[in-house]
Ligand SMILES: [Mg+2]
């Protein structure tokens, strides 16, 4: 008996073919054909999202789609690349009916408009297991303009975009495992939204070409990801917790002693950009922040040595432990 609903090819025609960019050839061929401007290179990255691990069964399908795409775009932004295309593989149980997939594809369609990217191919399969989604994003960067993690130098200032810790608190809102009594509903909603729908800094990433010496997106947590830059660049860093930019909602949580600045700087899932730049780039970075309407905040300095030193509000070092960080 054929499966109920549109079936595999009907689903591709109805939901995915309308998302195809020119290189995707209407999803009618065996593979995609993409051009790359002379003097540029393709930048590629892949991320997977598994039901029960990265998202919950009841999450809105359009948000699941957007977050998966955005996580990938954040990685491209961290390289200074401009996103162009993506490929998508879906492994779906029968519980994902045509309506689920229609909403999933609608999320992708909206973000294709927002970020000027298009689908060029993929694969789809059914599975007896949980939903599994794999997205490969492809961007472009001029040869030699890519921003690696390896270029940080002692004396560089450390900058971070946007605000830090909102997604960590947002997960607490959704899981109801943090105390939010007395915190305004508007704040709780804003925090949950930051977890469910990150805003990759696509416009900022490519504008930092020629400005940033080294860059990384914040997915593991600000301190951990800055640590990745330090390891790759063979340098150390000192950051001041007090300088780490917080949203009004996160500020309210710190003020109410429901969380700490340290917890927010280790939380992760921010999808902001952390980068190192020479101090003579201060003016350019200030102008960029104003132009993009996005705060970019200096939080510390790259130094000779190894690892990330974290100073608390009083300027005292905070110590790393195997399970995170603690105050001396
Ligand atoms: Mg990354």
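Figures for the structure shown
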| item | result |
| --- | --- |
| Qualifying positions in region 153-169 - under 20 Å from residue 201 (Cβ atoms) and either part of a loop (DSSP other than H, G, I, E, B) or over 15 Å from the mean Cα position of the chain (by Cα) (or both) | 156, 157, 158, 159, 162, 163, 164, 165, 169 |
| Filter result for residue 97 (within 23 Å of residue 268 (Cβ to Cβ) and either buried (at least 19 other Cβ atoms within 10 Å of the Cβ) or touching a residue at least 60 places away in the same chain (Cβ under 8 Å) (or both)) | no |
| From 211, 274, residue being within 13 Å of the ligand (Cβ to nearest atom) and touching a helix residue (DSSP H, G or I) at 6+ places or on another chain (Cβ under 6 Å) | 274 |
| Only one of 182, 172, 186, 151 that is in contact with a strand residue (DSSP E or B) (Cβ under 9 Å, 6 or more places away or on another chain) and surrounded by fewer than 23 Cβ atoms within 10 Å (Cβ to Cβ) | 151 |
| Residue ranges of helices (runs of 4 or more DSSP H) in region 190-269 with at least 2 members surrounded by 24 or more Cβ atoms within 10 Å (Cβ to Cβ) and over 17 Å from the mean Cα position of the chain (by Cα) | 248-255 |
| Index of the failed condition, residue 140 passing every other in (1) in contact with a strand residue (DSSP E or B) (Cβ under 8 Å, 6 or more places away or on another chain); (2) closer than 23 Å to residue 211 by Cβ; (3) outside any strand (DSSP E or B) | (3) |
| Search result, residues across region 41-88 that are away from the ligand (no atom under 16 Å from the Cβ) and closer than 18 Å to residue 148 by Cβ | 41, 42, 82 |
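Bear in mind that the values in this text are calculations on the coordinates, not laboratory data. Worth saying up front: this structure is predicted, and the values here are computed from it rather than measured. Backbone-built Cβ (ideal geometry, glycine too); neighbour counts: all protein chains shown.
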